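Below is one structure, written out as structure tokens; comments come after it.
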Amino acid sequence: MRGRDIFLLNNGKAHNIIILQSCCIFANYKPECIDKLSFKIIKHINSSTGRKVILFAVTLLAFAMIYSLNVLYPIYLDDWDYSYIYWQSELVGGFFDAVYSQTIHYVKWGGRTVVHVILQTLLSWGPFWSDLLNSIMFVLFTAVVYSIANIGRKVRPSLYFMIIMLTWFFQADVGETLIWLTGSVNYMWGTTIILVFVYFYYKYFRERSGRTKIDSKGRIILFFFFGVIAGWTNENMVVAMLCMIAVFLFLVWRKEKSVEKWAISGFSGACIGAALMVLAPGNYVRYNMELKEQGLTKAELGIDYYWGRLQALIDGYMEYLLLLVFVYFLLVLVFWYNTEKEGRKEVLLSSFIFFGGSLIASAAMVASPTFEPRAWFGIITLMIVAVSIIYANLNFSKIYIRIGKWCCITLLFGMFVYTYVEGREELVHLRQIIDNREAELKKQKSEGKSRIIFSGERFEDRAHRRLDLIFPKMYDFPQDTSHWMYKAYERYHGVDAVRFENERSIKR
């Protein structure tokens with residue numbers, strides 16, 4: 001069998017054959033053996049089993065990468081406060097303490113009860129379990145995005161790799177949403193819960209023709225409670241979730257003239273969960289406090305205020321999403337001009353629904369008095385889903401699309417290695433500073449001191465850089481000793497006060 005035959009059998013993947021043949025020649029294989037060997041290798045790689053093995057290997061690497069960062073990232077900032085039962089002096093001892101704590105938190109501060117119960121439970125279990133489970137959740141998060149994008153198609157390891165790269169390079173604050181425990185549970189865990197819930201409705205929509213109805217009582221009840229949990233996670237994301245599910249159900253109804261009971265039950269539960277979250281008394285306490293910090297009152301919340309919020313939202317969208325939106329529409333054009341008409345409409349519709357969900361989640365943030373970069377996590381994730389759906393359905397039989405794919409994979413992997421190594425090295429350095437403080441604190445406490453004086457190195461809040469992916473927002477204690485960070489740290493470590501002898505900073 002010669003090169004032309006192999007080219008045909010492998011759907012035109014001639015570049016793979018050329019690479020393997022070059023390796024065989026370099027290894028002094030006989031010419032008559034080259035085609036046979038390269039054919040066997042490519043056939044194995046492109047087989048279902050080969051693709052699954054590669055996907056599993058990429059998944060393990062993703063877990064190892066994020067676990068390495070989780071182990072290094074310290075208990076920090078809000079983690080100190082959430083280690084305690086809210087407004088009380090006792091540490092959270094487990095799940096039931098976390099539930100009790102959140103009954104107080106619900107009234108005094110905010111309604112994200114589901115994710116905060118998870119957070120406080122993880123903090124009570126200690127670093128080993130929180131680091132491990134947070135790393136597993138990252139894998140689950142990327143796997144759910146992959147499952148939505150690749151629904152009904154064969155295993156595609158390159159898609160999963162692209163999802164990891166899009167998350168790494170386009171999320172507004174990787175450190176605060178994937179690694180820092182309070183941030184990751186609020187955003188990554190919450191978004192994952194929402195995506196898993198949405199996945200069932202998206203699958204229902206995509207498989208609505210010829211589907212066998214599954215409307216058992218157990219499924220109806222299960223989806224009701226699942227809906228309550230999914231709806232009780234994150235304010236702006238739940239608005240997008242409800243809108244997307246409503247669109248999926250409408251499209252199903254329009255075609256089938258009926259909707260299965262489990263889908264209605266789940267949607268009803270999600271609406272109830274959203275109401276429980278949004279109507280929490282603590283939300284209004286926090287809202288008024290944030291307005292007060294900005295020097296505003298409710299009477300001043302007129303057109304000018306919301307116009308200013310809209311402008312801030314547009315500025316944030318331009319900073320964090322403009323490039324991703326450009327990539328999205330570029331892929332849409334490539335998809336449109338290189339794909340058969342059959343099935344094109346449904347793929348584009350599916351992608352546009354997630355794109356629309358991203359816009360809705362963005363618009364919902366106009367009502368919030370503050371909009372931290374980490375709050376873009378769910379919005380950007382929905383955009384990544386939209387991009388991934390188009391990527392998964394590209395016509396890779398076109399040689400220039402395959403070449404483009406491998407060029408992107410090579411470039412992104414090189415950039416990832418560079419930024420990951422850079423970020424991890426800096427995290428190691430900052431963790432060493434924090435560990436030195438912990439050792440010094442224990443030493444002084446053992447000497448009977450309750451007022452701790454740190455004499456070691458300090459680090460400063462660094463300017464945000466696009467390649468500073470791990471911790472653009474990790475900052476040290478401010479000069480103002482009345483800042484809440486001091487009180488939270490002192491309470492967490494059981495001392496009266498902490499102060500610093502010098503003001504040397506890390507500057508690079």
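Being touching a Gly at 6+ places or on another chain (Cβ under 7 Å) and either of a type in the set (D, E) or part of a loop (DSSP other than H, G, I, E, B) (or both) is the filter; apply it to the range 70-119 and report the residue that is surrounded by the most Cβ atoms within 10 Å (Cβ to Cβ). My answer is G111. Among the residues of the range 309-327, are any at pLDDT below 85 and small (G, A, S)? Taking every residue of the range 309-327 in turn, none turns out to be at pLDDT below 85 and small (G, A, S).
Could you check, for the range 48-64, whether at least one of its residues is part of a loop (DSSP other than H, G, I, E, B), open to solvent by 70 Å² or more (accessible area, probe 1.4 Å), modelled with pLDDT under 90 and polar (S, T, N, Q)? Checked against the condition, which is being part of a loop (DSSP other than H, G, I, E, B), open to solvent by 70 Å² or more (accessible area, probe 1.4 Å), modelled with pLDDT under 90 and polar (S, T, N, Q), the range 48-64 yields no hits at all. Residues that are open to solvent by less than 30 Å² (accessible area, probe 1.4 Å), assigned to a loop (DSSP other than H, G, I, E, B), in contact (Cβ under 8 Å) with a residue 40 or more places away in the chain and not charged (D, E, K, R) do not occur anywhere in the range 120-143.
Listed by first and then second residue, the pairs linking a residue in the range 357-371 that is in contact (Cβ under 8 Å) with a residue 60 or more places away in the chain to a residue that is aromatic (F, W, Y), with Cβ atoms under 6 Å apart and 6 or more places separating them unless they lie on different chains, are M365/F371.
Restricting attention to the range 481-495, the residues being exposed (fewer than 14 other Cβ atoms within 10 Å of the Cβ) and part of a helix (DSSP H, G or I) number 1.
If I filter the range 375-383 for residues that are closer than 26 Å to L251 by Cα and open to solvent by 40 Å² or more (accessible area, probe 1.4 Å), do I get at least one hit? No - not one qualifying residue is present in the range 375-383.
The values are calculated or read from the model by the stated rules, or taken from the named source; none is laboratory data. This structure is a prediction, so every number in the text was calculated from the model and none was measured. All Cβ positions, glycine included, derive from the backbone under ideal geometry; neighbour counts span all protein chains shown. Note: accessible area is taken over every heavy atom of the protein model, side chains too, but ligands, DNA and RNA are not part of it. Shrake-Rupley method; radii C 1.70, N 1.55, O 1.52, S 1.80 Å.
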